[in-house]
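Here you go, one structure.
The values are calculated or read from the model by the stated rules, or taken from the named source; none is laboratory data. Source: prediction; values computed, not measured. FYI the Cβ positions are ideal-geometry reconstructions off the backbone, even for glycines, and counts take in every protein chain you see. Just so you know, the surface numbers come from the protein's heavy atoms only, side chains and all, with ligands and any DNA or RNA stripped out. Shrake-Rupley method; radii C 1.70, N 1.55, O 1.52, S 1.80 Å.
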Amino acid sequence: MHSMNSKRIFVAIALVSVMVAGFSLAQIAAAGQGPANSQWMAVKRNTLAVRYENNDGTAVNMTGSAIDRQAMGKAEVKHNHGRTRIKLEIENLGNPQAIGPYYTTFVLWAIAPEGQADNLAELPVKTKIDIDVTTNFQTFGLIITAEPHSAVKLPSPAIVAENTLRRGTEGGIQTSRIEYSGDPGMFYANSWMAEPALTADYETPLLILGARRSVETARRAGARHYAETELRDAEIKLAALEQIWPNRRHNQEKYTGPAHDIMRMGENARAQAVERRAKAQLADERRDAVTNIAQAKDEAGRALNEAGRANERADAYRDAMTRAQSETAAARERVERAQSETDKAKANEDLARAEADRSRLEAERSRMETQQVKEEQSALQQRLFISLSEILETRREARGLIVNLSDVLFDFNQASLKPAAREKLGKLAGILLAYTGSYRMEIEGHTDSVGSQDYNQKLSEDRAEAVHDFLIRASVAGG
């Protein structure tokens, strides 16, 4: 955390804090813990990537994860004329139901340096697997995940194996840890709200389970509300499949096509629901922002009106004070001119009353001046909130106004500002430079959960310092 402009803070001016969202979301450690209406969003994970030289063949190990330590194999890889061929041999993957009842298949993924995940193939469930696939990527990582069905677009959290370097791996000096987008798995829970808990099913064909899971996932993603037509089409086709497969259990070819169609349709319903829900939420947030700005403007207008009335009252009290001072002076003169004891006593009473009135008016004037300062400062703060809210996400908290620069401002593992970040900070600097009140600003930098605590702490501080330096160069006063 870095502080700026720690000058005196006026009572009505709250702390202004710039919260910089440094990188992407931290990986969700456990699936299925969110409520039914939680917003789905991709999470960030990382894996080893290898750059394969053109026309040179090499091999990497496929090593089982903590989920499936028995899995082992290798991948022979050769890049030639823009295509990379992968010959995978792996054994002991086991049955995906053993990992969790929501998982029905295994998928091989290629992960590009830019983070794209390419679903290369669904792996058959058997002891030894040999499969030949291709990808356009030249630099990539290989992972195998357990999935609820084969039509998924992002890898699940259940990583069962990933590539590791083996002795003699060519291109080993051109490896890196790359980050990719993954499914958080929040719709893959073993039980969901009021639904009965799932248990491992080793009797129903995995293809049928996969078709069911695709529709269940779409429902959990909110497709009943946001993708009703797409979900209904998938449900109708699933109902038909449920009628035919029991009589054709041993003739998988008869239901393979329909099952995969349902998986594709269910995945489409889920994707549409997620996208439409996000758009609806964004629209709600925009409406809330418009409402908040309108309310803030009304409050600012009321504060200005009250400040005007306070000025009028102050003028009236100043006139009354002038009259009280004149009456006090006149009372003193009468005391001095009084000849008899009776006249003197009456003149002293008048003087005491005039001085009491003057003291009361002075106290009232002091109170009103203090109130006027507070109201003017409140109006000033309202104008600051309005100005910030119109260009940046701003909210009020007990510690003050929180300005959240929510987009990714830094490249992965870096503390240098992106151009878009500089544009946002430039707007913030312009508002602060135009603000005439006193304030104190705190800058908070954040990272994801990748890396050690000490490393992330240092990176957070460096990012906060980068924002601080930018604002200083933009002539925002610092201390």
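Does residue 27 fit the bill of being open to solvent by 70 Å² or more (accessible area, probe 1.4 Å), of a type outside the set (D, E, K, R) and modelled with pLDDT under 80? So that I can check it myself, show each step before the final result.
Numbers: open to solvent by 70 Å² or more (accessible area, probe 1.4 Å): yes; of a type outside the set (D, E, K, R): yes; modelled with pLDDT under 80: yes.
The answer is yes for residue 27.
I'd like to know if the range 188-209 contains one or more residues that are touching a Gly at 6+ places or on another chain (Cβ under 7 Å), over 25 Å from residue 76 (Cα atoms) and either at pLDDT 90 or above or of a type outside the set (A, V, I, L, M, F, W, C) (or both).
yes
Okay, moving on. Give just the number: which of (1) at pLDDT below 70; (2) open to solvent by 90 Å² or more (accessible area, probe 1.4 Å) does residue 302 not satisfy?
(1)
Going by the conditions given, is residue 153 open to solvent by 70 Å² or more (accessible area, probe 1.4 Å), of a type in the set (D, E, K, R) and out of contact with any Ser or Thr (no Cβ under 7 Å at 6 or more places or on another chain)? Don't jump to the end; show me each part of the working.
Working: open to solvent by 70 Å² or more (accessible area, probe 1.4 Å): yes; of a type in the set (D, E, K, R): yes; out of contact with any Ser or Thr (no Cβ under 7 Å at 6 or more places or on another chain): yes.
Judged against the criteria, residue 153 is a match.
Filter the range 100-124 down to residues that are at pLDDT below 90 and assigned to a loop (DSSP other than H, G, I, E, B) and give me whichever is most open to solvent (accessible area, probe 1.4 Å).
114
Then there's this: Taking residue 290 as meeting all but one of (1) open to solvent by 40 Å² or more (accessible area, probe 1.4 Å); (2) β-branched (Val, Ile, Thr); (3) modelled with pLDDT of 90 or more, write down the number of the exception.
(3)
Next question, about the same structure. Give the range 159-183 a look and list any residue that's modelled with pLDDT under 85 and surrounded by 23 or more Cβ atoms within 10 Å (Cβ to Cβ), or say none. Give the derivation first.
Taking the range 159-183 as the starting set, the residues that turn out to be modelled with pLDDT under 85 are 166-183.
Within the range 159-183, 180, 182, 183 meet the criteria.
Which ones in the range 406-420 are at pLDDT below 70 and either open to solvent by 80 Å² or more (accessible area, probe 1.4 Å) or more than 16 Å from residue 443 (Cα to Cα) (or both)?
Within the range 406-420, 407, 411, 412, 413 meet the criteria.
Continuing with this model, one more query. What number of residues within the range 226-254 are out of contact with any Gly (no Cβ under 9 Å at 6 or more places or on another chain), surrounded by 20 or more Cβ atoms within 10 Å (Cβ to Cβ) and within 22 Å of residue 203 (Cβ to Cβ)?
Looking only at that region, the number is 1.
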